[in-house]
1. For a label point 7 angstrom out from the Cα of Lys201 toward its Cβ, which stretches of region 158-192 have the backbone nitrogen within less than 15 Å?
2. Please go through the residue pairs Lys103/Lys138; Lys137/Lys160; Lys138/Lys179; Lys70/Lys138 and name each one whose alpha carbons sit more than 26 Å apart in this structure.
3. If you split all Cα-Cα distances of region 79-150 into 5 Å bins from zero, what percentages do you get per bin, shortest first?
4. Hey, any idea what % of region 126-180's accessible area is carbon plus sulfur with a 1.4 Å probe?
5. Using the Karplus equation 6.51 cos²θ - 1.76 cosθ + 1.60 (θ = phi - 60°), what ³J(HN,Hα) coupling, rounded to whole Hz, does each residue of region 45-57 give in order, writing x for Gly and Pro?
Amino acid sequence: MRKRVGWIAGSAAAVLVAAGAITYAVAEGEGGGAADVPAADSADAGFARDMAVHHQQAVEMSFIVRDRTKDEDVRRLAYDIAQTQANQRGMLLGWLDLWGLPKVSSDAPMTWMDMGGMADGEDGALMPGMATNTELKKLESLSGKQAEIFYLQLMTDHHKGGIHMAEGCVSRCTVKVEKRIAQGMVNAQESEIDLMTDMLKERGAAPRS
């Protein structure tokens, strides 16, 4: 398992190195000029805004579990997820700055995917896969193996929701580099779901759904 977690860590490092080049490509208007800057209500802008929020919760959950367990594999995975998603979040918000677009919108989350009414935001779950405030408090109350299992279950759900959103960008976004990074998120998070499923099995548990 440590070898596989290490491979994930290497992949995460590669993502961090590539992020600067990707942001530069967006800044340079890859594939066009100023006329190609997406509109505030576009899928490109909606994905950047919503995924930044989605990623922030993954970072939060990962730092919570790092304080709740001494298991080396879980702590390494949590660190990798936190670092990768924090970096990607900064990139997403950076794109909005480069495009001169607001980081928040009066539209409901997921409106860019024609799913604005899907999540009512009850108990803090604003988008697919997001943990509720109650679940976050529960994670903070656990320790050891219980914390590991609950984190892996929450993050598996979180990744499934993130994949759904990233696939939406792949099919709807128009900025080529953004579509590429969205596909990269799909690939990476599918791999991490497989890893977390194995880690849950090792602990006598399974994904919640």
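The values are calculated or read from the model by the stated rules, or taken from the named source; none is laboratory data. In this text the structure is predicted, and so the values were computed from the model without any measurement. No Cβ is skipped: glycine too gets one built from the backbone with ideal geometry, and neighbour counts run over all protein chains shown. Just the protein is used for accessible areas: all its heavy atoms, side chains included, with ligands, DNA and RNA removed. Shrake-Rupley method; radii C 1.70, N 1.55, O 1.52, S 1.80 Å.
1. 191-192
2. Working: Lys103/Lys138 30 Å; Lys137/Lys160 21 Å; Lys138/Lys179 35 Å; Lys70/Lys138 18 Å.
The pairs that break the limit, which is 26 Å between Cα atoms, are Lys103/Lys138; Lys138/Lys179.
3. Once binned at 5 Å, the Cα pair distances of region 79-150 give 3, 13, 13, 19, 21, 16, 9, 5, 1, 0.
4. Values: 1180 of 2270 Å².
Answer for region 126-180 is 52 percent, counting heavy atoms of protein chains only.
5. 3J(HN,Hα) across region 45-57, in whole Hz: 6, x, 5, 4, 5, 5, 5, 4, 5, 4, 4, 4, 5.
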